[in-house]
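Here's the structure we're looking at; comments come further down.
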């Protein structure tokens, strides 16, 4: 959509980005004089009645998730809208992928842990409400900065992955393969532990600059998730170790190991995960 286009009552300013599920635009609210982000899903999903029903159900649930580390959902498409869309809080600083583009060898460990701590708090809250994310990855981890430059991580896209998973086959599974838990590939029941696994893959990439299992094709990535140990990159691991030995402080004044004792792990409940059962 071009600048100035009216869409669902909002005025489009510019395209923010595109992905496999659609496009995100910066827009202005017509009455509140506030900038918002609009995610418009692809036409293929909009024309699928099952996808529409799933989207409306999941988007309604996601809109109820009010938490400091979750991107607020303001509005969504209705039954008569020709395409599926969500309007959300606009986070000007971008996502964690943008941080890695600036630091391709991986973030300072203290910085990475603060971001993951925020994402873990968001997942903890959502899981308590019975909501799974299903597509945790750096691209869905937005980074908001306050006037003092302090960073806060916000998870976005709750419910969207479930909508896609209800309408596609495994080969088109919504969760990005690089971060998907092993049980996603077995057709097993997926619960909150799959989100935690994806969060671990996200932390791995924030620390090393690469995904845990870089492979040449999807089949090889799946096989690696099912049985191969991840290995840090040769470049990032020594740099991280050097920081710990020197006791460096990052630009926010914290040593790399400082926040780790405060990192609240999402609670684990129920049976051991699929990988744990195989190891027993």
(message) Can you go through 84, 115, 100 and tell me which one is farther than 16 Å from residue 194 by Cα and not assigned by TED's automatic domain parsing to the domain that holds residue 193?
(response) 84
(request) Would you point out the residue of the stretch 4-29, among those that are exposed (fewer than 12 other Cβ atoms within 10 Å of the Cβ) and more than 20 Å from the chain's Cα centre (by Cα), that is farthest from residue 81 (Cα to Cα)? (result) 14
(request) Report whether or not residue 100 is surrounded by 13 or more Cβ atoms within 10 Å (Cβ to Cβ), under 16 Å from residue 7 (Cβ atoms) and under 20 Å from the mean Cα position of the chain (by Cα). (result) no
(request) Please give the number of the condition residue 49 fails out of (1) in contact with a strand residue (DSSP E or B) (Cβ under 8 Å, 6 or more places away or on another chain); (2) loosely packed, with under 15 Cβ neighbours inside 10 Å. (result) (1)
(request) For the stretch 5-85, please list each of the strands (runs of 3 or more DSSP E) lying entirely inside it that holds at least 2 residues being within 27 Å of residue 122 (Cα to Cα) and in contact with a helix residue (DSSP H, G or I) (Cβ under 7 Å, 6 or more places away or on another chain). (result) 73-76
(message) I'd like to check something: does the stretch 152-167 contain any residue that is at pLDDT 90 or above, in contact with a strand residue (DSSP E or B) (Cβ under 7 Å, 6 or more places away or on another chain) and part of a helix (DSSP H, G or I)?
(response) no
(message) Please determine whether any residue of the stretch 114-126 is crowded, with 22+ Cβ neighbours inside 10 Å, under 13 Å from residue 143 (Cα atoms) and over 14 Å from the mean Cα position of the chain (by Cα).
(response) yes
(request) Mind listing whichever residues of the stretch 87-97 are under 16 Å from the mean Cα position of the chain (by Cα), part of a strand (DSSP E or B) and crowded, with 19+ Cβ neighbours inside 10 Å? (result) 88, 95
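Residues are listed down the side, and each one gets a yes or a no for (1) crowded, with 19+ Cβ neighbours inside 10 Å; (2) within 19 Å of the chain's Cα centre (by Cα):
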position	(1), (2)
188	no, no
194	yes, yes
200	no, yes
206	yes, yes
210	yes, yes
214	no, yes
219	no, no
223	no, no
227	no, no
(request) Go through the stretch 127-147 and give me each residue that's more than 18 Å from residue 204 (Cβ to Cβ) and buried (at least 24 other Cβ atoms within 10 Å of the Cβ). (result) 134, 142
(message) Tell me the residue from 259, 238 that is modelled with pLDDT under 85, assigned to a helix (DSSP H, G or I) and closer than 19 Å to residue 121 by Cα, please.
(response) 259
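The values are calculated or read from the model by the stated rules, or taken from the named source; none is laboratory data. Fair warning: this is a prediction, and the values are worked out from it, not measured in the lab. Note that each Cβ is placed from the backbone with ideal geometry, even for glycine, and that neighbours are counted across all protein chains shown.
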